[in-house]
Structures are given as structure tokens and as C-alpha cells.
Amino acid sequence: MANPLRSEVVRLYKNLLYLGREYPKGSEYFRDRLRSAFSRNRAESDPQAIREMILRGEFVSRELEALYYLRKYRAMKKRYYEE
Amino acid sequence: MSGRVLVGVKRVIDYAVKIRVKPDNSCVVTDGVKHSMNPFCEIAVEEAVKMKEKKLIKEVVVVSCGPQQAMETIRTALAMGADRGIHVEVTGKDYENLGPLQVSKIMAALAKKEDVLFVILGKQAIDDDCNQTGQMTAALLDWPQGTFASELSMEGDKIKVVREIDGGLETVKINTPAVITADLRLNTPRYATLPNIMKAKKKKIANVKPADLGVDITSRLEVLRVDEPPQREAGVKVETVDDLVARLKEAGRI
């Protein structure tokens, strides 16, 4: 793996792992998928491709944050506000 | 007056957890159950942080009352952008009996001590659904209150609050210092990501006891019994309309 990008990839992995704790289908499910997704690309050496994958990982983390927010908002709306 | 804002947050059982009542009907099971910040408190923290980012206020102080674990909730608020935290240590039996009146006495004492511009809280906690702490705090301080806020703006030294009420929306302008309670549509709280949590470790959390603030936290309420809601009975299917009418008559409904 390209050296300067290695720390970015590790940081992304840690952030996604932290986000995955609240995953609705269970944090183990998320962690397995996360591991296989990262190890599938471990042989990649082209910096451009790696950067693109990092961007996609950041996209996934934003999607997860949106998912968690929507779940919570919908639950609160259902419980406290008359439909 | 300082541009300081006090935000109250509460550590509650996570909203997605299925609640279980203890077999002796004394209280809800909390051991080993996932806890997190009350959703309405998250909205309050987010509003305070947003106002700081817009330079309308200078400092966001977050406070929570409870045992050691309440520090996690304060850390989450610090990760969302608060500047410093105050942990009011209440443990054991005192914590079990801690209700809105006691918390509002603590909040009032802290609001005066920290000389705040306003206090912002979630409108209610999802565990006890009291919806009392904000109102009681305002009454104890004799400050105006803007409750169920779905929109906040500063106009000079006054606060304009758009409140969500039964009939629609009500706009009020209140003097500072004041107490605000946050409603669901005030804003979209940010997620406390890992890098932010790491950065927040450097922020200070002060530890105080209710006695230091001169607050008496004895409760005048006693919980006698906690029950689960009655199980929903299975529905009954009928074949014809006459059958339905007959059944309703039987049940005494018509």
C-alpha cells in the first residue's frame, strides 16, 4: 500500500468501525462486511484508485450518519407527534 | 453578561432498545442496557453549537447529572462542539429518585453561577417523558421561557422563539436571560464521529456535587410500581357487516 495513504486508509477503517457499532443489523454483521471490503482491495497500489476508494468510504460514512439520523427522527416523530 | 450558554443533557436508555420491567415491578432494567444521550438533548446541544459557530454566543457549557457514566454523555456533547462540561455527581438511591424538580434546582443554581445568556434543554426525556425540567428551571430563576422551540434567533439582546403548539406555530420574543426547550424540528444534530471524540478528550469536565451548589435533592415522590403496558389482544375477523354490528353490540360499543 502506498505509504502516505496508509494512515488515511487506517483512519477511514477506524471511523467506519466506530460508526458500525449502531448498525441496525448488528455491529458484527457490519464489521464482517467492512473487513471483507477492505481486505478485498489490500493489493491495490495505484494511488489514484486508492484515493477513489477512500472517497467512497467517506461517502459510506456520511450515508450511515444519515441513516442513523433518519431512523431516530422517524422513531421520535412516530412516538411523540400525532400522525 | 457573558455570551455563555448552558446546555442540559440526560443519559437515558437508547431509544431503539426494547424496555423490560424488573420482575419485582420496582423499575425498568438498566444494567447492561445500551444508554445514550436523550434525542431532544442532542437537538439542544446542536442548536447551541450552531449559534457558537455563527458567533452569536461565545461559549457552550454542557451539564449532566448522574453517576460516573453520565461523563460519557458529556463527552458526546463535547465531541459535538461544546466547550466544557460540568458533571453533577449523583449516585445510587439519590440518582434513582432524581426527578425534574431536583434537576431544575441544580440547573438554576448553575445558570446563576455561570452567569449564562440562556439555558437550553431538550423538551422532555424519552424515559420519563416529564416535560417539566425546562419550565421548572425558568420558574425557579424567574426567567422567561421559550418552550417547544422549532426555531431560534437572536434579535439584539432578545430571543425570538417560534414554538410548536397544538394549533400550529407561535412566535414569541423573550428577554434574556431565558430558558429554552428544544423540539424535534429545531435542527438536525450532527453525529459525534471518532475524530471529534478524540479531540474532545482534551476538553475539561468539572466535577461538582449538589451540596456544593447548595441544592437539596431529596425527592418528594415515591415510585410505587412499574408495569408494562397491557398486551395487545389479537384482533377478531368477521365475515359480514351484520356480524360486525352484532359483535359491536355485544361489546357494548353501540
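Counting other C-beta atoms within 10 Å, which of B:Ile254, B:Ile126, B:Ile74 has the fewest, and how do the rest follow?
Ranking B:Ile254, B:Ile126, B:Ile74 by Cβ neighbours within 10 Å, fewest first, gives B:Ile254, B:Ile126, B:Ile74.
Hey, what did the stretch A:1-51 get for relative contact order, percent, Cα under 8 Å, at least 6 apart? Before the final figure, lay out each step's value.
Numbers: 21 pairs, mean separation 26.7, N = 51.
Once divided by the residue count of the stretch A:1-51, the mean separation gives 52 percent.
At 7 Å along Cα-to-Cβ for each site, give me the label-to-label distance between B:Lys203 and B:Val241 in nm.
Inter-label distance under the simple model: 6.3 nm.
In whole Hz, what ³J(HN,Hα) sequence does the stretch B:18-23 give by Karplus (6.51, -1.76, 1.60; θ = phi - 60°), x for Gly and Pro?
Taking θ as phi minus 60°, the curve returns 7, 7, 10, 8, 4, x Hz for the stretch B:18-23.
Return the sequence-ordered ³J(HN,Hα) values of the stretch B:137-152 in whole Hz as given by the Karplus equation 6.51 cos²θ - 1.76 cosθ + 1.60 applied to θ = phi - 60°, using x for Gly and Pro.
So the J values, rounded to whole Hz, are 4, 4, 5, 5, 8, 6, 10, x, 10, x, 9, 6, 5, 10, 7, 10.
Determine, from the Cβ-Cβ distance of B:Val172 and A:Arg21 and an R0 of 51 Å, the FRET efficiency 1/(1 + (r/R0)^6), rounded to the nearest 0.05.
Numbers: r = 40 Å, r/R0 = 0.79.
Taking R0 as 51 Å, the efficiency between B:Val172 and A:Arg21 is 0.80.
List the lysines whose alpha-carbon lies under 23 Å from that of B:Lys34, not counting same-chain residues fewer than 8 positions away?
Straight-distance partners of B:Lys34: A:Lys14, A:Lys25, A:Lys72, A:Lys77, A:Lys78, B:Lys10, B:Lys18, B:Lys22, B:Lys93, B:Lys123, B:Lys201.
Suppose a student asked you for the relative contact order of chain B, using Cα pairs under 8 Å spaced at least 6 residues apart; what percent would you report? Present the calculation step by step, with values, prior to reporting the outcome.
Values: 493 pairs, mean separation 60.2, N = 254.
Averaging sequence separation for qualifying contacts and normalising by length gives 24 percent for chain B.
Which residue, B:Ala182, B:Ala149, B:Ala234, tops the fluctuation ranking in a GNM of chain B built on C-alpha contacts under 10 Å?
The residue with the greatest mean-square fluctuation here is B:Ala234.
Is the shape of the stretch A:12-80 rounded, prolate or oblate, going by the alpha carbon gyration tensor and its root eigenvalues a ≥ b ≥ c, with a/c under 1.5 for rounded and a/b larger than b/c for prolate? Intermediate results must be reported in sequence, preceding the final value.
Numbers: a/c = 4.20, a/b = 2.14, b/c = 1.96.
Prolate shape, in that a/c is at least 1.5 and a/b is the bigger ratio.
Output the relative contact order of the stretch B:1-140, whole-number percent, from Cα pairs under 8 angstrom with separation of 6+ residues.
Working: 246 pairs, mean separation 47.0, N = 140.
Relative contact order comes out at 34 percent.
Along the Cα→Cβ direction, 7 angstrom out, place labels at B:Asp129 and A:Tyr80. What is the inter-label distance in nm?
Computed distance between label sites B:Asp129 and A:Tyr80 equals 1.2 nm.
Exposure proxy check: B:Cys27, B:Cys65 ranked by fewest other beta carbons within 10 Å? Don't jump to the answer; show the numbers that get you there.
On the way: B:Cys27 12, B:Cys65 25.
Fewest-to-most ranking of B:Cys27, B:Cys65: B:Cys27, B:Cys65.
In terms of modelled amide H atoms, which long-range or inter-chain residues lie less than 5 Å from the amide H of B:Gly85?
B:Val62, B:Lys204, B:Ile205, B:Ala206
Over the stretch B:66-215, what is the percentage of antiparallel beta bridges among all DSSP beta bridges, to the nearest 5? Present the calculation step by step, with values, prior to reporting the outcome.
Working: 14 of 27 bridges.
Beta bridges within the stretch B:66-215, antiparallel portion: roughly 50 percent.
Averaged over peptide A:12-18, how many Cβ atoms belonging to another chain are found within 10 Å of each residue's Cβ?
Values: counts 0, 0, 3, 3, 1, 1, 5.
Averaged over the peptide's residues, the number is 2.
Between 0 and 90 degrees, rounded to the nearest ten: what's the tilt of helix B:70-80 against the longest Cα principal axis of chain B?
On a 0 to 90 degree scale, this one is about 70.
Report the full-extension gain for the segment A:Phe59 to A:Val10: residue separation times 0.36 nm, less the Cα-Cα distance, to one decimal in nm.
On the way: separation 49, 0.36 × 49 = 17.64 nm, distance 1.58 nm.
Here the segment from A:Phe59 to A:Val10 would lengthen by 16.1 nm.
Tell me which residues come under 5 Å, amide H to amide H, from B:Thr176 once H is placed; ignore anything under 5 positions away on its chain.
Counting only residues 5 or more places away or on other chains, the set is B:Ile159.
For chain A, what does the helix formula give at 222 nm: sum of -39500 (n - 2.57) over DSSP H segments with n ≥ 4, over the residue count, nearest 500 deg cm²/dmol?
Helix-only estimate at 222 nm: -27500 deg cm²/dmol.
Enumerate the calculated ³J(HN,Hα) couplings along the stretch B:83-98 in order (Karplus 6.51 cos²θ - 1.76 cosθ + 1.60, θ = phi - 60°), each rounded to whole Hz, writing x wherever the residue is Gly or Pro.
Values, residue by residue: 8, 8, x, 10, 9, 8, 7, 9, 10, x, 4, 4, 5, 4, 9, 6 Hz.
Give me the distance in nm between label points sitting 7 Å out from Cα along the Cα-to-Cβ direction at A:Asp46 and B:Ser153, one decimal.
5.1 nm
Taking amide H atoms as placed 1.01 Å from N in the peptide plane, list the residues 5 or more away in sequence, or in a different chain, whose amide H sits under 5 Å from that of B:Gln132.
none
Among B:Met51, A:Met53, B:Met37, which comes first, second and so on when ranked by fewest other beta-carbon atoms within 10 Å? Before the final figure, lay out the partial values.
Working: B:Met51 21, A:Met53 17, B:Met37 25.
In increasing order of surrounding Cβ atoms, one gets A:Met53, B:Met51, B:Met37.
FYI, it's all coordinate maths here, none of it is from the lab. Bear in mind that the values here come from a model prediction, so they are computed numbers and not experimental data. Methodologically, a virtual Cβ is constructed for each residue, glycine included, from the backbone with ideal geometry; neighbour enumeration extends over all protein chains shown.
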